[in-house]
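Structure first, commentary second.
The values are calculated or read from the model by the stated rules, or taken from the named source; none is laboratory data. As the structure is a prediction and not an experimental result, all values here were calculated from the model. Ideal geometry is used to build each Cβ from the backbone, glycine not excepted, and the neighbour counts take in all protein chains shown.
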Amino acid sequence: MTDTADETIRSTIDASPLFKHLSEEWRSRLVSGSELRTFRGGESVISEDQTDEHPLYLIVEGQARVWTENDDRAVELKTLYPGASFGEVSLVSDQEPTATVEAKSDELTVLALDHEELVALLEEDEKVRRLLEGVTLARAKDTLGKVSD
């Protein structure tokens, strides 16, 4: 990994409200277990009902479209911007993704945080767990409201 990539990973983790309170040790663990990934417009980062393990993602650059399928129609849920996270539903619930997230902009760069490190962090840090559970609950309510329209 290049120094620039390392710096981007570190600054993205440091800027995230999820991780601001973490010790230097935990931040370093997250940095070492993370990687930058780039997706082209329309390319899926996470697909609904995909069964493989998913990391937590933080958007570095670009926009992501979040949508779900309901009664054979696509339901737009949200557009995510730099600094936003996604993938927390699968991480917290250990279930399949409940929505599809794809690159909305021509190019989307995300930081993929290592699943095993995050599971260990959630077991150790109640604050991160509560933050992610809160995001999960808010997104579930938002999704229910939109699919029932």
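When residues in region 78-91 are screened for being farther than 8 Å from ARG65 by Cα and buried (at least 20 other Cβ atoms within 10 Å of the Cβ), 7 of them pass. Pairs are defined by a Cβ separation below 9 Å, a sequence spacing of at least 6 or placement on different chains, a first member in region 132-149 that is closer than 16 Å to THR68 by Cα, and a second member that is at pLDDT 70 or above and in a helix (DSSP H, G or I); the pairs so defined are THR136/GLU88; THR136/VAL89; THR136/LEU91; THR136/VAL92; THR136/SER93; ARG139/GLU88; ARG139/VAL89; ALA140/VAL89. When restricted to residues that are outside any helix (DSSP H, G or I) and closer than 24 Å to GLU61 by Cβ, region 101-149 contains 14. Within region 69-80, can one find any residue that is touching a residue at least 24 places away in the same chain (Cβ under 8 Å), within 14 Å of the chain's Cα centre (by Cα) and part of a loop (DSSP other than H, G, I, E, B)? Checked against the condition, which is being touching a residue at least 24 places away in the same chain (Cβ under 8 Å), within 14 Å of the chain's Cα centre (by Cα) and part of a loop (DSSP other than H, G, I, E, B), region 69-80 yields no hits at all. Of the listed requirements (1) loosely packed, with under 13 Cβ neighbours inside 10 Å; (2) in a strand (DSSP E or B); (3) of a type in the set (Val, Ile, Thr), THR4 misses just one: (2). When you scan region 92-115, how many residues do you find that are within 22 Å of LYS20 (Cβ to Cβ) and either of a type in the set (Asp, Glu) or surrounded by fewer than 21 Cβ atoms within 10 Å (Cβ to Cβ) (or both)? Selection size over region 92-115: 5. Does LEU58 qualify as being over 11 Å from the mean Cα position of the chain (by Cα), surrounded by 13 or more Cβ atoms within 10 Å (Cβ to Cβ) and closer than 30 Å to GLU25 by Cβ? No: the conditions fail for LEU58.
For region 22-59, a residue qualifies if it is at pLDDT below 90 and farther than 26 Å from THR79 by Cα, and exactly one does: GLY33.
Within region 32-55, the set of residues being surrounded by 17 or more Cβ atoms within 10 Å (Cβ to Cβ) and touching a Ser or Thr at 6+ places or on another chain (Cβ under 9 Å) comprises SER34, LEU36, PHE39, VAL45, ILE46, HIS54, PRO55. Applying the selection to region 37-64, what residues are among the polar types (S, T, N, Q) and over 24 Å from ALA15 (Cα atoms)? Hits for region 37-64 are SER44, SER47, GLN50, THR51. Selection within region 83-101: residues that are closer than 16 Å to GLY134 by Cα and among the small types (Gly, Ala, Ser). The member of this set that is modelled with the lowest pLDDT is SER93.
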